[in-house]
Amino acid sequence: MEKTIVLIGTLDTKGAEYRYIRDRIVEQGCRVIVVDVGIRGKPLFQPDITREQVAQAAGLSIEEVASRIEGEGIQMMSRGAAKIVQELHRSGKLDGILSLGGTMGTFAGTAVMRTLPLGVPKVMVSTHASGDTSPYVGTKDIVMIPSMADIIGLNQITKNVLTMAAGAVVGMVKVAPGPVSSDKPLIGLTIHGDLMPCANFVTELLGQRGYEVVFFHAVGIGGKTLEEWIEQGLIDGVFDLVTTEVLQNIFGGLYDAGPTRLEAAGAKGIPQLVAPGKTDTITFDTTHGIPERFRSRELYLHTPVRVGTSTTKEERAQLGKVMAEKLNKATGPTAVIIPQKGFSGGDKEGSYMYDPEADLALINALKKNLKPDIRLVEVDAHINDRLFAEKAATLLDELMHEARR
């Protein structure tokens, strides 16, 4: 069956480039639908969906859009294009999507792509495919391809990049399996590098009980993605092993996943088991500056541009209170599990980061503020000990069975 790829772009400024990549895609056996989101100049070739139709989908005329400043206009066209693209996908007329652009084009293309579900191939050829791409990618599976040179005109460089991008999106739509079903419940597990021993033990033990596990790296975007997938109904249960993102949100750390972190599972009513993994450390990016209150503390080098520092018992107590407040809103089976001998790879006896008094402050804050119906289980083990993983896997399995009753 012939696959269909949608091209989203401004045919007034990049018409030649879009015509070139359209032809390369067609050569490889795919159908193309071109959607024009240009605002002012005349399109260089006739699109399948015109700018007038895009503006109309946004509830405006193209004249109204063109009367706005460029940034506002492109936002309006992105909203209209998103509605059109979603309808194409619902009707089975979109198997993949590709866009080209500089600043405005990348904003428009990725804004539309982010409205499509996981698994739909999404390719953005951009001058911004370097550095911080989080404003464009967000929590979505968007592939960013560096354009190398600016996407202005056809030459030996741009032709090469556009041809490879065409091959990339065609290859993706041809091998994309579509929704993959499984009769195994899917567990979302937050992780961090130095807690992989625990994560691996838990994954093994949950696998033996008939679960599949998907990992989320708790560095800000990982937690956001987990929460979004929970809201979309993709996750059946959660072991929130690494809750440092809540800490980072409170104190302005690098791994901030936003103010609603640790709330989606409770709101959805799915089982969740929560641990205080990596709550002993807050991380900063030295290129962005370190907040004043932390500058006098001892800093530990993580990478050449990232440093961490230990949290105090007062900070951990504050975190415990916030975590309890979030978990108290849960509508589904919820429990907290505490490793009494340390919360991270460095938080153990004999280590320079070991601070049992600060750990105890978090534990006591949880005990004081959690509702009585939320179980808090303490394990006489370090977070990376197999004993802790065994207790966690057993407890989460109990929560999952409780939800089925």
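I'd like to know if the stretch 71-79 contains one or more residues that are in contact with a Gly (Cβ under 6 Å, 6 or more places away or on another chain), under 28 Å from D256 (Cα atoms) and either in the same structural domain as A165 (by TED's automatic domain parsing) or at pLDDT below 95 (or both). The answer is no; no qualifying residue exists. Of the helices (runs of 4 or more DSSP H) lying entirely inside the stretch 34-105, the ones with 3 or more residues being touching a strand residue (DSSP E or B) at 6+ places or on another chain (Cβ under 9 Å) are found at 51-57, 70-90. When we screen D12, D36, D95 for residues that are in contact with a Gly (Cβ under 8 Å, 6 or more places away or on another chain), surrounded by 22 or more Cβ atoms within 10 Å (Cβ to Cβ) and not aromatic (F, W, Y), the only hit is D36. State all residues of the stretch 21-33 that are hydrophobic (A, V, I, L, M, F, W, C) and part of a loop (DSSP other than H, G, I, E, B); if no residue qualifies, say none. C30 - this is the single residue of the stretch 21-33 that is hydrophobic (A, V, I, L, M, F, W, C) and part of a loop (DSSP other than H, G, I, E, B).
Looking at the stretch 149-156, can you tell me whether even one residue there is among the hydrophobic types (A, V, I, L, M, F, W, C), surrounded by 15 or more Cβ atoms within 10 Å (Cβ to Cβ) and under 20 Å from A16 (Cβ atoms)? The answer is yes; a qualifying residue exists. The criterion of being out of contact with any Pro (no Cβ under 6 Å at 6 or more places or on another chain), free of Cβ contacts under 8 Å to residues at least 40 places away in the same chain and in the same structural domain as A392 (by TED's automatic domain parsing) holds for T287. If the condition is being of a type in the set (S, T, Y), under 28 Å from the mean Cα position of the chain (by Cα) and exposed (fewer than 14 other Cβ atoms within 10 Å of the Cβ), then the stretch 282-317 contributes T287, T303. Among residues of the stretch 47-61 that are within 14 Å of I74 (Cα to Cα), those with a beta-carbon under 6 Å from a residue that is outside any helix (DSSP H, G or I) and of a type in the set (V, I, T) at least six positions away or on a different chain give the pairs V54/V37.
V377 falls short on exactly one of the conditions (1) over 24 Å from F294 (Cα atoms); (2) in a helix (DSSP H, G or I), and that condition is (2). Only a single item in (1) among the aliphatic types (A, V, I, L, M); (2) in contact (Cβ under 8 Å) with a residue 60 or more places away in the chain; (3) in the same structural domain as D132 (by TED's automatic domain parsing) is not met by M164, and it is number (2).
The values are calculated or read from the model by the stated rules, or taken from the named source; none is laboratory data. Owing to the predicted nature of the structure, the values given are computational and were not obtained by experimental measurement. Virtual Cβ from ideal backbone geometry, glycine too; neighbours counted across all protein chains shown.
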